[in-house]
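In what follows, a structure is listed as structure tokens, so that the remarks can point back to it.
Just so it is clear, none of the values below were taken in a lab; they were calculated from the coordinates. Small disclaimer: the values here were computed from a predicted structure and weren't measured. Cβ atoms come from the backbone with ideal geometry, glycine included; neighbour counts cover every protein chain shown.
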Amino acid sequence: MTDQRTFVIVGASLAGAKAAEALRDEGFTGRIVLIGEETERPYERPPLSKGYLLGNDERSGAYVHDEQWYDEHNVDLRLGVRVTALDPGAKTVTLDGVDQLHYDKLLLATGSRVRILDVPGATLRGTHYLRTLDEADALIAKLGDSGRVVVVGAGWIGLETAAAARSKGAEVTVVELDTLPLRRVLGDEVAQVYADLHREHGVDFRFGASVDRFEGDDQLTSVVLKDGTALPADLAVIGVGIRPNVELAESAGLDVDNGVVTDASLRTSDPDIYACGDVMSAANPLLGKHIRVEHWDNAINSGQTAAKAMLGQDVTYDKVPYFFSDQYHSSPGTGMEYAGWVEPGGYDRVVFRGDPTVRADADPEFIAFWVAGDRVLAAMNVNIWDVQDDLQKLVRAGHQGKGVDVARLSDNSVPLGDLAG
């Protein structure tokens, strides 16, 4: 017999689409309504700053499902529609301020949006953000014709964009307030590797710097820093972080603290409302704290877990956080995978297995371990593959309080599987 319940997913994102898929895979026969503000059907964001931006991947490869999938699986996909209100008491959402839709269970997969750089000239032609497919299209159209590119922000998006711009022959300057790229994520030891990598490819870093204004009559001509330095620019890409889209949850009275707060099964403070993806701040039993993770792997897995929880299954979301990045396809370049969770100042040292030195004619190959005492809290493999299972075991053990012989971490003759137990 067909289930008469209606499950509404707010956010036609990767997380939302994977939740809809999991609901059907788990046998849910009721109504699924998947609502998204964008006019594009759900897509993955990593290609936007990686393969698609470089021109190596087709645009169509970014979509989570083909166009027919939603009809074939009886998913009511509503695009270009904004949920303007959520009433947990009445169990309704309001669409575009007009139509009301009842739900039995609701999933918030509203994701995040870019932080806007609020300085004069920030809307000049030639200034870009990179968060949506439309923004990627606009950037691709200009990147090959821009001789001078300024990237504001040396996070993952900023560095991947810098690498793409250099691969297309542009002169690239990266402006970063911190002292190294990715320093808050990786610490000084590994952040230096990325500084060396990009410098080897001709990127000019301006550390300890911030933007005062963008200049140009209509089209961007220069980026002016706080110290008065004017950087000539045909194109600027702004990547200064993202913030979770929590406004709907806040207005509905749900618990919000750097994201929509959930328990370990991804249930919010309302028993019939769940959250997943970038917007959720979930209780992670492995780490013993609430965390919010902004990566592809989290979107996929949390969407699937939330779907199972909505169906009443006894599930716990205790994934080891994971992400990846590819920068440059000519030597030196880095393909990397990172697993774990360590906050600034939360580790004693970084132990390297292999040589992290960046050389002009060879890719660095190493594994880095972030260690507190004798516990591995995070690990990153760079240009070394098929080791993630062992690294995740080490990280999981470390967060469970289990130590390792730290001296053996750096010894290539010791199989990782032996360390992981």
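Between region 316-389 and region 1-63, how many Å separate their Cα centres?
30 Å
Counting DSSP beta bridges with both partners in region 116-240, what percentage is antiparallel, nearest 5? Working shown, then result.
Details: 7 of 23 bridges.
About 30 percent, rounded to the nearest 5.
Evaluate 2.2 N^0.38 Å with N set to the residue count of region 142-207, then give the Cα radius of gyration divided by it. Don't jump to the answer; show the numbers that get you there.
Numbers: Rg = 11.2 Å, N = 66, 2.2 N^0.38 = 10.8 Å.
Its radius of gyration relative to the 2.2 N^0.38 Å reference: 1.03.
Report the net charge of residues surrounding residue 177, where surrounding means a beta-carbon distance below 13 angstrom and charges are Lys +1, Arg +1, Asp -1, Glu -1.
Surrounding charge for residue 177 is +1.
Once you charge only the Cβ atoms, +1 for Lys and Arg and -1 for Asp and Glu, what is the size of the charge dipole of region 116-240 about its Cα centre, to the nearest 20 debye?
Working: 12 positive and 20 negative charges, 13 e Å.
Dipole of region 116-240, to the nearest 20 debye: 60 debye.
Would you order 207, 323 from fewest to most other beta-carbon atoms within 10 Å of each residue's own beta-carbon? It would help to have the intermediate numbers written out before the result.
Numbers: 207 15, 323 18.
Result, fewest neighbours first: 207, 323.
Let me know the Kirkwood hydrodynamic radius for region 360-421, please, with Cα pairs as the basis and the value in Å to one decimal. Walk me through the intermediate numbers first.
On the way: mean 1/r = 0.0839 Å⁻¹.
The answer is 11.9 Å.
Quick one: order 410, 325 by neighbouring beta-carbon count within 10 Å, fewest to most.
Numbers: 410 14, 325 21.
Final ranking by Cβ density, sparse to dense: 410, 325.
Quick one: Cα convex hull volume of region 279-421, Å³ per residue? Could you put the intermediate results ahead of the total?
Values: hull volume 18.3 nm³, N = 143.
With only Cα atoms used, region 279-421 gives 128 Å³ per residue.
Quick one: net charge around residue 258, please, counting Lys, Arg +1 and Asp, Glu -1 for every other residue with C-beta under 10 Å from its C-beta. Numbers along the way, then the final one.
Working: positive: 243, 292; negative: 257.
Computed value for this residue: +1.
May I ask what percent, to the nearest 5, of DSSP beta bridges between residues of the chain are antiparallel? List each step's numbers first, then the result.
Details: 50 of 86 bridges.
Beta bridges within the chain, antiparallel portion: roughly 60 percent.
Among 120, 47, 285, which one shows the highest mean-square fluctuation when the chain is modelled as a Gaussian network with alpha-carbon springs under 10 Å?
Maximum among the listed residues: 120.
Per residue, how big is the convex hull around the C-alpha atoms of region 1-82? Give it to me in cubic angstrom, could you?
Details: hull volume 7.1 nm³, N = 82.
In region 1-82, the Cα convex hull volume per residue is 87 Å³.
Output needed for region 199-355: three equivalent-ellipsoid semi-axes, defined as square roots of 5 times the C-alpha gyration tensor eigenvalues, in descending order, whole Å. Walk me through the numbers on the way to the answer.
On the way: eigenvalues 279, 111, 43 Å².
In descending order the semi-axes read 37, 24, 15 Å.
Only Lys, Arg, Asp and Glu count, each charged at its Cβ (+1, +1, -1, -1), so figure out the dipole size of the chain about its Cα centre, rounded to 20 debye. Walk me through the intermediate numbers first.
On the way: 40 positive and 66 negative charges, 116 e Å.
For the chain, the charge dipole is close to 560 debye.
So which lysines pass the test for residue 226, namely a Cα distance under 28 Å, with those fewer than 8 places away in the same chain ruled out?
Residue 226 reaches 142.
Just the number, please: Stokes-Einstein D of region 145-253 in µm²/s, Kirkwood Rh from C-alpha pairs, 37 °C, 0.692 mPa s.
Working: Rh = 14.8 Å.
Rounded to a whole number, D works out at 223 µm²/s.
Most mobile of 291, 35, 157 per a Gaussian network model of the chain (Cα springs, under 10 Å)?
Top of the fluctuation ranking is 291.
If R₀ is 30 angstrom, what is the calculated FRET efficiency for the pair residue 316 and residue 196, using the beta carbon separation as r and rounding to 0.05? Don't skip to the answer; put the middle values down first.
Numbers: r = 40 Å, r/R0 = 1.35.
The pair residue 316/residue 196 has a calculated efficiency of 0.15.
Among 363, 255, 118, which one shows the highest mean-square fluctuation when the chain is modelled as a Gaussian network with alpha-carbon springs under 10 Å?
In the Gaussian network model the winner is 118.
Give the order of 389, 196, 361 when sorted by the count of other beta carbons within 10 angstrom, beginning with the fewest. Can you show the working numbers first?
Working: 389 12, 196 16, 361 7.
Lowest count first: 361, 389, 196.
Among the lysines, select those whose C-alpha is under 28 Å from the C-alpha of residue 402, and discard any that sit fewer than 8 residues away in the same chain.
289, 319, 393
Test of understanding: what is the full-extension gain from residue 217 to residue 413, defined as 0.36 nm times their sequence separation minus their Cα-Cα distance?
On the way: separation 196, 0.36 × 196 = 70.56 nm, distance 6.11 nm.
64.4 nm is the gain from fully extending residue 217 to residue 413.
With N set to the number of residues, divide the alpha-carbon radius of gyration of region 1-142 by 2.2 N^0.38 Å and report two decimals. All intermediate terms of the calculation are to be shown ahead of the outcome.
Details: Rg = 17.3 Å, N = 142, 2.2 N^0.38 = 14.5 Å.
Normalised Cα radius of gyration, region 1-142: 1.19.
Starting from 0.36 nm per residue, how many nanometres of slack lie between residue 96 and residue 361 once their C-alpha separation is accounted for?
Working: separation 265, 0.36 × 265 = 95.40 nm, distance 5.53 nm.
Taking 0.36 nm per residue and subtracting the Cα distance, the gain is 89.9 nm.
How far apart, in nanometres, would the label points at residue 134 and residue 24 be if each is projected 7 angstrom from Cα along the Cα-to-Cβ direction?
That separation, rounded to one decimal, is 2.7 nm.
Dividing the convex hull volume of the alpha carbon atoms of the chain by its residue count, what do you get in Å³ per residue? Walk me through the numbers before you get to the answer.
On the way: hull volume 62.9 nm³, N = 421.
It is 149 Å³ per residue.
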